[in-house]
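To keep things clear, I will list the structure first and then write my remarks on it.
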Amino acid sequence: MTNTTSTTEPVIGGAAGAAAPAPDVTGATARGRASGPTPRKRRRVWGVMSTREKVVRYVLLVVVLFITIGPFLWQLSTSLKGAGEDIYTANPSFIPSEPTIENYLKVAAAIPVWRYIGNSLLVAAIDVFGNIVFATLAGFALARLQWRFRKVVLGLFLATLVLPGEATIISQFVTIKDLGLADNLVGVALPGMIAALNVLLMFNAFRQIPEEIDQAAVVDGANAVQRLRYISLPAVQGTIAVIAIFSFIGAWDDFLWPLIVLQSPENLTLTVGLQYLQGTFATDQRMIAAGTMIAFIPIAVIFAVLQRFFFKGVEEGGVKG
């Protein structure tokens, strides 16, 4: 018996492979035309905001600006209003009808405001100079030099941030009194000449500098002072500006510590001396507003001068070459 069953094996290549049926694209094309064009998704470009997002952002910025700047503008408006303009009405006007600087002249006549400004500037200058010099040296030593107990000292700086200033104010006053600096502007400025936060800011700024740069300088024979002057300091100018602004604002606005240390009226700082306005002229809000603006103007000027370096220090994170 002859077996007639035959198996057909697929032929790979050759003429049979060439004769393989082509895919039916005609039907797919017809179906695509029948269903219409496929809508293309709108791709969102990264970093490009829509009109709606821009409107929302600007509205939020205006609200935040009104909350932060509004009180200062209102104080400025009140300080420029004359005695004939009612500031206690139910609907006070924001813009003075007859602007005048009479209230500022009254403040200068009521208290020795220029002397108080000079005292505050002296204290602030000492604190700014001390923090720039000592915080820079301490931050460089902690970040770029190798010595024993370096981590222990860094931990102590971190631990001091936990303690509030009021916890050590009695011991500070006893120390200042024993040094004979009570009722002295140097005694007011001495505790603020170096702040632990400023040291940590400088430590972090110096740590962002690649170590390879220091190692190359050491190979070339540079000592620690040369590395600090020519390599590290140019890279942390923004952070130094941040420290200068923070130190000036902290010394200028400080009220509790000068109030404890100073007793003589001629040695008072501006923040303490302005309290005489609230005690003597408590009913004249125009003079109090003028005194507030006198205390605020130097801070605004300092920040306006150093704002470029301030934002540079905030964004500072490394060396760009």
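The values are calculated or read from the model by the stated rules, or taken from the named source; none is laboratory data. Since the model is a prediction, treat every value here as computed from it, not as a measurement. Heads up, the Cβs are rebuilt from the backbone with ideal geometry, glycines too, and the neighbour counts pull from every protein chain shown. For the accessible areas, the whole protein counts, side chains as well, though only heavy atoms, and no ligand, DNA or RNA atoms are used. Shrake-Rupley method; radii C 1.70, N 1.55, O 1.52, S 1.80 Å.
Taking all protein chains as present, what is the carbon and sulfur share of the accessible area of the range 103-187, in % to the nearest whole number, probe 1.4 Å? The computed percentage sits at 72. Once the 1.4 Å probe is applied to the protein heavy atoms, the range 153-280 comes out at 53 Å² accessible per residue.
Under 5 Å from the amide H of Ile194 lies no amide H of any residue 5 or more positions distant or on a separate chain, with H modelled from the backbone and absent for Pro and chain starts.
Quick one: work out Rg over Rh on the C-alpha atoms of the range 106-261, Rh as Kirkwood radius. Rg divided by Rh gives 1.06. For the peptides 299-305, 244-250, 255-261, the ranking by mean Cβ contacts within 10 Å, running from highest to lowest, is 244-250, 255-261, 299-305. Couplings 3J(HN,Hα) for the range 136-150, derived from phi with the Karplus relation 6.51 cos²θ - 1.76 cosθ + 1.60 (θ = phi - 60°), are 5, 5, 5, x, 5, 5, 6, 9, 10, 10, 10, 7, 5, 6, 5 Hz, where x marks Gly and Pro. Highest mean packing comes first when the peptides 205-215, 152-162, 233-243 are listed by Cβ atoms within 10 Å, giving 233-243, 205-215, 152-162. Residue order by solvent-accessible surface for Met193, Met293 is Met193, Met293, largest first, with ligands and nucleic acids left out and a 1.4 Å probe. Dividing the convex hull volume of the alpha-carbon atoms in the range 94-135 by its residue count gives 98 Å³ per residue. How large, in percent, is the carbon and sulfur part of the accessible surface of the range 221-278 at a probe radius of 1.4 Å? Answer for the range 221-278: carbon and sulfur cover 60 percent of the accessible area. Backbone phi angles across the range 80-96, fed through the Karplus curve with coefficients 6.51, -1.76 and 1.60 (θ = phi - 60°), yield HN-Hα couplings of 9, 8, x, 5, x, 9, 7, 9, 9, 5, 5, 10, x, 7, 6, 9, x Hz in residue order; Gly and Pro are listed as x. The convex hull built on the alpha-carbon positions of the range 236-295 has an orientation-averaged projected area of 5.2 nm². The reciprocal of the average 1/r between distinct C-alpha atoms defines the Kirkwood hydrodynamic radius, which for the range 172-233 equals 14.5 Å. In order along the range 292-306, the Karplus-derived 3J(HN,Hα) couplings, from 6.51 cos²θ - 1.76 cosθ + 1.60 at θ = phi - 60°, round to 5, 5, 4, 6, 8, 4, x, 5, 5, 5, 4, 5, 5, 6, 9 Hz, and Gly and Pro are given as x.
Eigenvalues of the alpha-carbon gyration tensor of the range 55-117, scaled by 5 and square-rooted, set the equivalent ellipsoid semi-axes at 30, 18, 8 angstrom, largest first.
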